[in-house]
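Report on the following structure.
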Amino acid sequence: MTTASEILKQIKDNDVKFVDLRFTDPKGKLQHLTMDIVCVDEDMFADGVMFDGSSIAGWKAINESDMVLMPDPDTVHMDPFFAQSTMVILCDILDPVSGEAYNRDPRGTAKKAEAYLKASGIGDTAFFGPEAEFFVFDDVKYKADPYNTGFKLDSSELPSNDDTDYETGNLGHRPRVKGGYFPVPPIDSCQDMRSEMLTVLTEMGVVVEKHHHEVAAAQHELGIKFDTLVRNADKMQIYKYVVHQVANAYGKTATFMPKPIFGDNGSGMHVHQSIWKGGKPTFAGDEYAGLSESCLYYIGGIIKHAKAINAFTNPSTNSYKRLVPGYEAPVLLAYSARNRSASCRIPFGSNPKAKRVEVRFPDPTANPYLGFAAMLMAGLDGIKNKIHPGKAMDKDLYDLPPKELKKIPTVCGSLREALESLDKDRKFLTAGGVFDDDQIDAFIELKMQEVMRFEMTPHPVEYDMYYSV
Ligand code: GLN
Ligand code: MG
Ligand code: MG
């Protein structure tokens, strides 16, 4: 635990000029408010800072707009991107009248989910390890057909490495479709940029493990180490910020949009998760793939509630363009130790401490606080109610005969379906007051606006298909 006086000393010692207070809105975007150092004192840490919450999409009405930003001293880090020395502190949002956590603050929800786990007696710590992929674009290296006129429904006809049907001419050393994983430079042209991202993340207190090119052309991934739920949701926000900022410094743009390019892999945010109790892993045992019964039930809960979880883990209209067969993104709600086409994968390894489940459907448009909390709540519901996930699916699920395939439930096909599923299936989230109905209603309303805008806008592909009909 860091104290306010330790931070004030750090500010003095390092000649810090500004303190940037940051928080995450319901859509998952980091927001900030910069305090001049003359206003940073013990009182700021005790009372917080008032701000107008009415301009944050999905939060308070204009007539009750004052809210409190309460700095969390344990999140202090320096921001290396500014000309003047700037310290960052992540904040919780409090209601000014009650002084309690604001019910629509995602970070507050994630904290409540951790407390709920402790109170349940099932465990005391939930570890989360997210793997967020992203694309880096400039206007020279990657050329995509903006009208995607090669639109095809049959996955067997989708472009492969030697069928780059929407790229023409000499591509030189540029990676082909699905050809990015992971030849050395000059095919991989972003080594320095990714190394810089890792260095900056380390400086900002995020423990990192590795970086690599991903399967799609211009797609990348950096590995951050697993940590507790709230800490790693915090770190995911820092991760996205650093990726955007370093790409920007290199004259490029990074995007976490799940499916920016038709016909190539999309960007996922697989999330590894496990529960520990009294310093011991609870997911290791004698069941399938060295799992405990409790872990199987956790998976059962994730699969049972997956469609509702999708609203938080895949909260964009674009998310559902990634969740299709043929691109290493899952569609089927099954689990397996071998199969990456299953929504829940058990990574190989005999060390009980490393026993975990990797949920593969989330993508990086997820608000990590809400997405992680929703998955933990679904898993705990599975454990409490002994929801068995059935048999593991070790075959390549797409090779199953169509009749068999039809029996396996799937993730949602659209954001509309996800929001409707969340509306119907929300009790597992509101258990113990972790999420609340007002918050869920507001989230559905916020996201329904995106669905409506998307559904009402004519798409370039529709011009291609229907203009001359
Ligand atoms: N990009 C793939 C996805 O969308 C994952 C590829 C991988 O990490 N093996 O989930
Ligand atoms: Mg990956
Ligand atoms: Mg993975």
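Quick note: the coordinates plus some simple rules give every number you see, no bench work behind them. Note that the structure is predicted; figures quoted are calculated from it, not measured. Neighbour counts are summed over all protein chains in view; Cβ atoms, including those assigned to glycine, are modelled from backbone coordinates with ideal geometry.
Residues that are surrounded by 22 or more Cβ atoms within 10 Å (Cβ to Cβ) number at least 3 in the following strands (runs of 3 or more DSSP E) confined to the stretch 188-274: 219-224.
Among the residues of the stretch 291-340, the one identified as among the aromatic types (Phe, Trp, Tyr), within 16 Å of ligand 3 (Cβ to nearest atom) and either crowded, with 24+ Cβ neighbours inside 10 Å or free of Cβ contacts under 8 Å to residues at least 12 places away in the same chain (or both) is Tyr335. When Met67 is tested against (1) buried (at least 18 other Cβ atoms within 10 Å of the Cβ); (2) within 21 Å of the chain's Cα centre (by Cα); (3) not β-branched (Val, Ile, Thr), exactly one condition is not met: (2).
Is it the case that the stretch 248-258 has a residue that's within 16 Å of ligand 1 (Cβ to nearest atom), within 19 Å of Ala366 (Cα to Cα) and touching a Leu at 6+ places or on another chain (Cβ under 7 Å)? Give the derivation first.
Kept after step one, since they are within 16 Å of ligand 1 (Cβ to nearest atom), are these residues of the stretch 248-258: 254-258.
So of that shortlist, the ones also within 19 Å of Ala366 (Cα to Cα) come out as 254-258.
Then drop every residue that is not touching a Leu at 6+ places or on another chain (Cβ under 7 Å), which leaves none.
Checked the stretch 248-258: no residue is within 16 Å of ligand 1 (Cβ to nearest atom), within 19 Å of Ala366 (Cα to Cα) and touching a Leu at 6+ places or on another chain (Cβ under 7 Å).
Every residue, every condition in (1) farther than 27 Å from Met448 by Cβ; (2) charged (D, E, K, R), yes or no:
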| residue | (1), (2) |
| --- | --- |
| Thr255 | no, no |
| Pro258 | no, no |
| Asp264 | yes, yes |
| Lys277 | yes, yes |
| Ser292 | yes, no |
| Gly301 | no, no |
| Ser316 | no, no |
| Ser336 | yes, no |
| Pro347 | yes, no |
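With respect to the conditions (1) farther than 21 Å from Gly129 by Cβ; (2) within 16 Å of ligand 1 (Cβ to nearest atom), Val357 lacks only one, and its number is (1). Of all the residues in the stretch 65-108, those that are of a type in the set (S, T, N, Q) and in contact with a Leu (Cβ under 6 Å, 6 or more places away or on another chain) number 1.
Select from the stretch 275-289 the residues that are assigned to a strand (DSSP E or B) and of a type outside the set (Val, Ile, Thr) and write down the one among them that is nearest to Asn310 (Cα to Cα). Please lay out each step first, then the result.
At the first step, the residues of the stretch 275-289 found to be assigned to a strand (DSSP E or B) are 275-277, 280-281, 284.
Of the ones still in play, those that are also of a type outside the set (Val, Ile, Thr) are 276-277, 280-281, 284.
Values: Trp276: 25, Lys277: 28, Lys280: 30, Pro281: 27, Ala284: 27 Å.
The qualifying residue nearest to Asn310 (Cα to Cα) is Trp276.
For every residue, the table says whether it meets (1) more than 16 Å from ligand 3 (Cβ to nearest atom); (2) among the basic types (Lys, Arg).
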position	(1), (2)
Pro185	yes, no
Asp188	yes, no
Arg194	yes, yes
Thr202	yes, no
Glu209	no, no
His212	no, no
Leu222	no, no
Val230	yes, no
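In summary, Glu358 fulfils each of the numbered conditions (1) buried (at least 24 other Cβ atoms within 10 Å of the Cβ); (2) within 16 Å of the chain's Cα centre (by Cα) with the single exception of condition (1).
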